Amino acid sequence: MATLHLVRKSAFNSQELLQCCQVLTSLDILILIDDGCYNLNHDLLADIKEIISVKHIKVIKHHAAARGQYVPKDIERISMSDLVSLTFETENVITWQ
Amino acid sequence: MANKVLAILNSKAPYSSTFGKDSLDIALIFGSYEQGVSLFFQGEGVFQLIPNQDGQQLSMKDYLKTFSAFEFYDIEDIYVCLESLQERKLSNAFHIEKVNILPAKEFAAKLKQHDCILRF
């Protein structure tokens, strides 16, 4: 049972990513979207990589670029249509906002 | 507010709300009436200063580009909180010049020197 997690808030000023981290399980997929892109630089990402494969951590390409955020090589940059496809590949979707 | 000085405290990231744009409008209005204005950036507000941003990619008017007009409005006192930068692992590379980076205590003391403070 894989769940798709859409995180839209920065963990520097909100609890959403931490709470997502607490319910994350190994097959889940995490998408950083909108201000969630700022989490690329947050320490919680290291904890998340302990729970799910780094291949399951993705970021919306133009959202990160608009915010001048550097995307590490091991994190996949995807488009909005990729995101829509992913919603069909998982049983559940949770938006953290 | 003849010789009083206004402080505008920015605490929000640029694109997910209109706070940043609204605060810029206020700053430019006060500047155009030659009222003293200082800008403060704290917390997520520091994300408004980082370089290489491009609001066009979100189909939004990129108000950050207007920051370069500050000197024409005599807005020269710009302060950013050092701890907020460090927390977010940001360097002191900004898309505008003459930004004063202050440790939290000095940042607070500087803010207190102002007659009126608006937080966005």
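A few remarks follow.
- Of the residues B:ILE117, B:ILE8, B:ILE29, the single one that is among the β-branched types (Val, Ile, Thr), touching a strand residue (DSSP E or B) at 6+ places or on another chain (Cβ under 7 Å) and over 30 Å from A:VAL7 (Cβ atoms) is B:ILE117.
- Selection status of A:ARG67, among the basic types (Lys, Arg) and open to solvent by 20 Å² or more (accessible area, probe 1.4 Å): no
- Selection from the stretch A:59-77 of residues that are within 15 Å of A:ILE33 (Cβ to Cβ) and in contact (Cβ under 8 Å) with a residue 24 or more places away in the chain: A:VAL59, A:ILE60, A:HIS63, A:ALA64, A:ARG67, A:GLN69, A:VAL71, A:ILE75
- Of all residues in the stretch B:23-45, exactly one satisfies the criterion of being out of contact with any Phe, Trp or Tyr (no Cβ under 9 Å at 6 or more places or on another chain) and open to solvent by less than 60 Å² (accessible area, probe 1.4 Å), namely B:GLN35.
- Which numbered condition B:ILE117 misses (of (1) modelled with pLDDT of 95 or more; (2) surrounded by fewer than 16 Cβ atoms within 10 Å (Cβ to Cβ); (3) assigned to a strand (DSSP E or B)): (1)
Residue by residue, here is whether (1) without any contact (Cβ under 8 Å) to a residue 12 or more places away in the chain; (2) open to solvent by 60 Å² or more (accessible area, probe 1.4 Å); (3) not β-branched (Val, Ile, Thr) holds:
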site: A:SER14; (1), (2), (3): yes, no, yes
site: A:LEU30; (1), (2), (3): no, no, yes
site: A:LEU44; (1), (2), (3): no, no, yes
site: A:ILE48; (1), (2), (3): no, no, no
site: A:ILE57; (1), (2), (3): no, no, no
site: A:SER79; (1), (2), (3): no, no, yes
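- Whenever a residue of the stretch B:1-24 is away from chain A (no Cβ under 12 Å) and of a type in the set (Asp, Glu), its partners that are open to solvent by less than 40 Å² (accessible area, probe 1.4 Å) and part of a loop (DSSP other than H, G, I, E, B), lying with C-beta atoms within less than 8 angstrom and at least six residues away or across chains, give the pairs B:ASP22/B:PHE120.
The values are calculated or read from the model by the stated rules, or taken from the named source; none is laboratory data. Since we're looking at a predicted model, the values are computed, not measured. Don't worry about glycine lacking a Cβ; one is built from the backbone with ideal geometry, like all the others, and counts go over all protein chains shown. Only protein heavy atoms, including side chains, enter the accessible area calculation; ligands, DNA and RNA are left aside. Shrake-Rupley method; radii C 1.70, N 1.55, O 1.52, S 1.80 Å.
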